[in-house]
Every structure is written in C-alpha cells, then in structure tokens.
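Participant: I have a structure I would like to understand better, so I am pasting it below and will then ask my questions one at a time.
The values are calculated or read from the model by the stated rules, or taken from the named source; none is laboratory data. Computed from a prediction, not measured in an experiment: that's the story for all the values here. Cβ atoms come from the backbone with ideal geometry, glycine included; neighbour counts cover every protein chain shown. For the accessible areas, the whole protein counts, side chains as well, though only heavy atoms, and no ligand, DNA or RNA atoms are used. Shrake-Rupley method; radii C 1.70, N 1.55, O 1.52, S 1.80 Å.
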Amino acid sequence: MYHVIINPASRSGRGLQIWKSQIEPALRRKSISYRPYFSEKAGDTTHIVRELFGREYGDVSLLILGGDGTVNEALQGMDDSSRAVLGYIPTGSSNDLARDLKLPKKPLDALDVILCSGSPRTMDLGTVLYPDGERRRFAVSCGIGFDAAVCQEALHSGIKDAMNRLGLGKLTYLGIALRQLFASKAVSGKLTLEDGRPVDIGNMLFTACMLHRFEGGGFMFAPDADAGDGILNLCAVGDLPKLFILLALPTAFWGKHYMVRGITPYQSGSLTIEASLPLWIHTDGEVTRKSNRISVTCEKAAIRVICP
C-alpha cells in the first residue's frame, strides 16, 4: 500500500492537476494499491505523516508529490524515519533533492522509477536544534543568514506564484536576493566544529550546512557533498564586500565559488553556529523562526529513498 501525499499547490497550483491527470490514472492502470492524502495548508503534511506512523506497523511506503518543502514537512512527522520508504515525484520550484538524486523531471517518469526501475537507497538526514529544545529535520540543507532570509521573503512574496506560472520563478529569487544582500547588516559569526575547533567568521553573510550538493534551485554550494557519508558539508560566507558577493554567487551554479577568498568550505559530523544577532534559519527552504544559536547534527543512513 502506497500512502500518497499530494501538495495541490505545488508547481504553482498544478500539483492537483498532475495528480488527477497523470499519477492517479497510472496507478489505477497498474492496479497499484494506494491511498491519497491532500495537504491544504502548512503543517498538514506533518500531521498526516505523524498519524500514519502512529497507526502503521513496520515499514511505511510514502509517495510524495510536491517539492522539497513537502518532503521537509513529512520528515517532521516521522517518529522513526528508518521505517519510511520514500518515493518522490518532484513538482516544486527548486527540486534540489531530486536534482542530486537524479530523479526524472517528468512526473510519470518519476513514478516509473518508484514502481519499476528504481530501488531503495539509504540517505542521511540532518537535525537543527534550537536553544529552547525545538528540533527540525532536513533532507537537503539548512542555513542561517542570507540564504534563509531569501527563502523567508520568497515564501511570503505575492509575485512568486505568478512568476512561476510564467516560467520566470528564478527571477523572483534573484530580485529578493539582491534586495536582501544590500539590506543585510554586519553580523559576526562563530562555528564550533565536531572536534571542538572554533572558526570565527567576521561579518557572516550566511552559513549553509549541506547534505546534498545543491541548494536554492541549483546553487552547487557543496560540490563534494555525499548524502550517505554521515558528514555535513559547510559553505561559510563572510568578510566579503557586497559587490564581490554579487559577482561570486553566480559561480556557485558550477561549484566554483571557493576560488573566492571569504567563501570557505568545512566538513563536520555536527557543529554549533552562533551569531551576534538573531538570524533567519531555514531547513530545506522552509523558514519558521530566527535564532542567534543553533546546533546541527547529521544522522547517517536515516531514511530510505527510491532512486534510479
């Protein structure tokens, strides 16, 4: 039995259409046993998955039709992610998880991977711990500072959906990124890595903690990341003039940004990030709060995902 979670709003409102016109008819043609669930607002997917894990025994076969944010919500509802076998049909705007897992872009091709040609592969998950004890898991990346601020504004942007429908969604992020870059204030930061080594980042723009290579719709912030090695790959950006940052960020599409002094890679199984002011935090592009301190850990082989 596949428990299919559909985000109708994904792909700028086409998620429901994709389900009705492509995925559900294919499941019926193949006589696949399934049960659909629809998310209508933020938090619905977490609630659905929490209920499923509470009443099902053993492995839970999930099929998610949505974006990275829908997967992220699902993770928050899993009491034991090792019980999940996740099939993913990417219909979001960024799809960084699908990009790194080499999942097909066409929904029916992605379904074929899940049902026929793919196989389960173990994958690491990360956890962000806040000082008050709140935890949020992530599958792709988490970040503090500029990248999270861009996500936060994009999530509440009135023009994002309209630009996505025109196929110009990346221009929304570009415009927001430019505004956030020049509006950002000087904030000092410090990383404390797993071995206790402190790293001071003067005027920290952001630090991204990556399980996969891509973030933000294709920025290859961690070209050496391996989502099965139990290690977080960090991209720390600080002490750079804003004009240099503006010129350096596009090179991240090809993973060449570490040639720029002030953009530095680190690796650690866990770490603490501290900032002189509270900054926005994202997990897989989902933004819920600010903090001036977080702890980030990596759990090796925490979930199974069906991949080509």
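Participant: Quick one: in the range 5-46, of everything that is more than 18 Å from the chain's Cα centre (by Cα) and in a strand (DSSP E or B), which residue is surrounded by the fewest Cβ atoms within 10 Å (Cβ to Cβ)?
Facilitator: Arg35
Participant: I've got another one for you. Go through the range 67-100 and report how many residues are more than 20 Å from Lys41 (Cα to Cα), open to solvent by 30 Å² or more (accessible area, probe 1.4 Å) and in a helix (DSSP H, G or I). Explain how you work it out, then say what you get.
Facilitator: Kept after step one, since they are more than 20 Å from Lys41 (Cα to Cα), are these residues of the range 67-100: 79-87, 96-100.
Cutting the leftovers down to open to solvent by 30 Å² or more (accessible area, probe 1.4 Å) gives us 79-80, 82-83, 99.
In the following step, the residues that additionally are in a helix (DSSP H, G or I) were identified as 82-83, 99.
Looking only at that region, the number is 3.
Participant: Checking Arg136 against (1) more than 14 Å from the chain's Cα centre (by Cα); (2) surrounded by fewer than 22 Cβ atoms within 10 Å (Cβ to Cβ), which single condition isn't satisfied?
Facilitator: Failed condition: (1).
Participant: To continue, here is another question. Under 6 Å by Cβ, and 6 or more places apart or on different chains, what pairs join a residue from the range 280-304 that is closer than 10 Å to Arg137 by Cα with one that is open to solvent by 30 Å² or more (accessible area, probe 1.4 Å) and in a strand (DSSP E or B)?
Facilitator: Going by the 6 Å Cβ cut-off, the qualifying pairs are Thr283/Arg136; Thr297/Ser270.
Participant: Then there is this: Only residues in the range 253-279 that are of a type in the set (D, E, K, R) count as the first member; pair them with residues that are open to solvent by less than 50 Å² (accessible area, probe 1.4 Å) and not in a helix (DSSP H, G or I), Cβ under 9 angstrom, at least 6 apart or cross-chain, and list the lot.
Facilitator: Hits for this filter: Lys256/Met220; Lys256/Pro223; Arg261/Leu240; Glu274/Gly189; Glu274/Leu191; Glu274/Thr192; Glu274/Ile294.
Participant: Cβ contacts < 7 Å: first residue touching a residue at least 60 places away in the same chain (Cβ under 8 Å), restricted to the range 96-114; second residue part of a helix (DSSP H, G or I) and charged (D, E, K, R), any location; separation 6+ or different chain. Result?
Facilitator: Asp96/Asp68; Leu97/Asp68
Participant: Can you spot a residue in the range 280-295 that is open to solvent by 30 Å² or more (accessible area, probe 1.4 Å) and of a type in the set (A, V, I, L, M)? Lay out the reasoning, then the answer.
Facilitator: Step one: of the range 280-295, the residues open to solvent by 30 Å² or more (accessible area, probe 1.4 Å) are 280, 286, 288-290, 292-293, 295.
After this cut, where a residue has to be of a type in the set (A, V, I, L, M) as well, the list is none.
Within the range 280-295 (the criterion being open to solvent by 30 Å² or more (accessible area, probe 1.4 Å) and of a type in the set (A, V, I, L, M)), the answer is no, since none of the residues qualifies.
Participant: Return the residues of the range 8-60 that are over 23 Å from Leu75 (Cβ atoms), in contact with a Leu (Cβ under 7 Å, 6 or more places away or on another chain) and not basic (Lys, Arg); say none if nothing qualifies.
Facilitator: Hits for the range 8-60 are Gln22, Ala26, Ile32.
Participant: Could you count how many residues in the range 219-239 are in a loop (DSSP other than H, G, I, E, B), touching a strand residue (DSSP E or B) at 6+ places or on another chain (Cβ under 7 Å) and open to solvent by less than 60 Å² (accessible area, probe 1.4 Å)?
Facilitator: Residues in the range 219-239 being in a loop (DSSP other than H, G, I, E, B), touching a strand residue (DSSP E or B) at 6+ places or on another chain (Cβ under 7 Å) and open to solvent by less than 60 Å² (accessible area, probe 1.4 Å): 7 in total.
Participant: Name, by its number, the condition in (1) open to solvent by less than 40 Å² (accessible area, probe 1.4 Å); (2) outside any strand (DSSP E or B) that does not hold for Gly196.
Facilitator: The single condition Gly196 does not satisfy is (1).
Participant: Sticking with this structure for a sec: Cβ-Cβ under 7 Å, sequence separation 6+ or interchain: first residue in the range 200-214 and closer than 15 Å to Asp284 by Cα and of a type in the set (Gly, Ala, Ser), partner open to solvent by 10 Å² or more (accessible area, probe 1.4 Å) and assigned to a loop (DSSP other than H, G, I, E, B). Which pairs?
Facilitator: Cβ pairs passing all conditions: Ala208/Phe221.
Participant: State which residue pairs qualify: first residue of a type in the set (S, T, N, Q) and inside the range 61-84, second residue open to solvent by 10 Å² or more (accessible area, probe 1.4 Å) and assigned to a loop (DSSP other than H, G, I, E, B) in any location, beta carbons under 8 Å apart, and separation of 6 or more residues or different chains.
Facilitator: Pairs found: Ser61/Met1; Thr70/Asn7; Thr70/Ser39; Thr70/Gly92; Asn72/Asp284; Asn72/Gly285.
Participant: Can Thr272 be described as hydroxyl-bearing (Ser, Thr, Tyr) and either under 23 Å from Ser94 (Cβ atoms) or open to solvent by 50 Å² or more (accessible area, probe 1.4 Å) (or both)? Give the steps one after another, and end with the answer.
Facilitator: Values: hydroxyl-bearing (Ser, Thr, Tyr): yes; either under 23 Å from Ser94 (Cβ atoms) or open to solvent by 50 Å² or more (accessible area, probe 1.4 Å) (or both): no.
No; evaluated as a whole, the condition is false for this residue.
Participant: Continuing with this model, one more query. Return yes or no: is Gly216 over 18 Å from the mean Cα position of the chain (by Cα) and crowded, with 21+ Cβ neighbours inside 10 Å? So that I can check it myself, show each step before the final result.
Facilitator: Numbers: over 18 Å from the mean Cα position of the chain (by Cα): no; crowded, with 21+ Cβ neighbours inside 10 Å: yes.
So Gly216 does not fit the description; no.
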